[in-house]
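Derivation of every value follows stated rules applied to the coordinates shown; laboratory data play no part. Keep in mind the model is a prediction, meaning the values are calculated, not measured. Quick reminder, even Gly has a Cβ in these numbers, built from the backbone with ideal geometry, and neighbours come from all protein chains shown.
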Amino acid sequence: MALILNNALAKPGKQFAFKQILISIMIVLICSVATYFIWGLSYAISVLAGGAISIIPNFVFAHKAFKYAGARSSEKVLDSFYSGEKLKIVLTAVLFALAFKFLAIEPIAFFSSFCVVVALPLLTPFLFKL
């Protein structure tokens with residue numbers, strides 16, 4: 001019973017996080033397509049890679065962090081947020097390393113896309129009604 005109640009309490013936060021992730025995916029895809037037509041394929045791949053390196057860890061964090069909710073499971077909530085954040089940092093570092101090793105990155109496009117996706121959760125409440 002407690003697990004069902006906790007999931008029901010966590011549902012609004014999880015839905016909000018996944019809406020922001022979906023908006024991030026759409027923005028990255030739109031920017032990648034626009035970049036392809038303006039600067040070419042290597043820049044578009046760099047935009048896509050930079051956005052993916054930010055979106056994938058955010059998705060993993062949201063899934064892990066919003067597993068529990070409520071006063072009775074406050075310790076589990078705190079543990080899930082901390083472990084989710086640790087996993088997000090490690091996953092981001094691994095994805096950066098893989099991108100630098102296996103992709104021909106255009107640095108400005110790559111880091112611009114990464115920074116936009118990192119800043120997007122701060123801007124979405126002003127731009128979209130979620």
Name the pairs: first residue in segment 77-92 and under 14 Å from Asn58 (Cβ atoms) and touching a residue at least 12 places away in the same chain (Cβ under 8 Å), second residue in a helix (DSSP H, G or I) and basic (Lys, Arg), Cβ to Cβ under 7 Å, at least 6 apart or on different chains?
-> Gly84/Lys64; Leu87/Lys64
Only residues in segment 10-28 that are more than 24 Å from Gly50 (Cβ to Cβ) count as the first member; pair them with residues that are surrounded by 16 or more Cβ atoms within 10 Å (Cβ to Cβ), Cβ under 6 angstrom, at least 6 apart or cross-chain, and list the lot.
-> Ala10/Phe66; Ala10/Ala69; Gly13/Phe66; Lys14/Phe66
Restricting segment 78-116 to residues that are touching a Phe, Trp or Tyr at 6+ places or on another chain (Cβ under 8 Å) and among the small types (Gly, Ala, Ser), which is nearest to Tyr43 (Cα to Cα)?
-> Ala109
Checked pairs for segment 45-61, first in contact (Cβ under 8 Å) with a residue 12 or more places away in the chain and buried (at least 21 other Cβ atoms within 10 Å of the Cβ), second of a type in the set (A, V, I, L, M) and not in a helix (DSSP H, G or I), C-beta under 8 Å and 6 or more apart or across chains, list as Ser46/Leu103; Ser46/Ile105; Ala49/Leu103; Ala49/Ile105
Ser42 passes all but one of the listed conditions (1) in contact (Cβ under 8 Å) with a residue 60 or more places away in the chain; (2) part of a helix (DSSP H, G or I); (3) over 19 Å from the mean Cα position of the chain (by Cα); (4) buried (at least 16 other Cβ atoms within 10 Å of the Cβ); the exception is number (4)
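Within segment 92-116, track down each residue that is assigned to a helix (DSSP H, G or I), among the aliphatic types (A, V, I, L, M) and more than 16 Å from Val28 (Cβ to Cβ). Break it down stepwise before answering.
First, the residues of segment 92-116 that are assigned to a helix (DSSP H, G or I): 92-102, 107-116.
Filter once more, so that each one left must be among the aliphatic types (A, V, I, L, M): 93-95, 97-99, 108-109, 116.
Result: Ala93, Val94, Ala97, Leu98.
Quick check on segment 117-130: of everything there that is in a helix (DSSP H, G or I) and touching a helix residue (DSSP H, G or I) at 6+ places or on another chain (Cβ under 8 Å), which residue is nearest to Ile45 (Cα to Cα)? Break it down stepwise before answering.
Step one: of segment 117-130, the residues in a helix (DSSP H, G or I) are 117-127.
Narrowing further to those that are touching a helix residue (DSSP H, G or I) at 6+ places or on another chain (Cβ under 8 Å): 117-118, 120-121, 124.
Values: Val117: 15, Val118: 18, Leu120: 20, Pro121: 23, Thr124: 24 Å.
Filtering first and then ranking leaves Val117.
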Collect the residues in segment 87-130 that are hydrophobic (A, V, I, L, M, F, W, C), under 20 Å from Lys19 (Cβ atoms) and more than 16 Å from the chain's Cα centre (by Cα), keeping them in residue-number order.
-> Phe126, Leu127, Phe128, Leu130
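So, Gly84, is that one under 14 Å from the mean Cα position of the chain (by Cα), assigned to a helix (DSSP H, G or I) and closer than 14 Å to Gln20 by Cα or not?
Details: under 14 Å from the mean Cα position of the chain (by Cα): yes; assigned to a helix (DSSP H, G or I): yes; closer than 14 Å to Gln20 by Cα: no.
Against the criterion (under 14 Å from the mean Cα position of the chain (by Cα), assigned to a helix (DSSP H, G or I) and closer than 14 Å to Gln20 by Cα), Gly84 does not qualify.
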For segment 22-39, how many residues meet the condition of being crowded, with 21+ Cβ neighbours inside 10 Å and either farther than 20 Å from Ile105 by Cβ or among the aliphatic types (A, V, I, L, M) (or both)?
-> 1
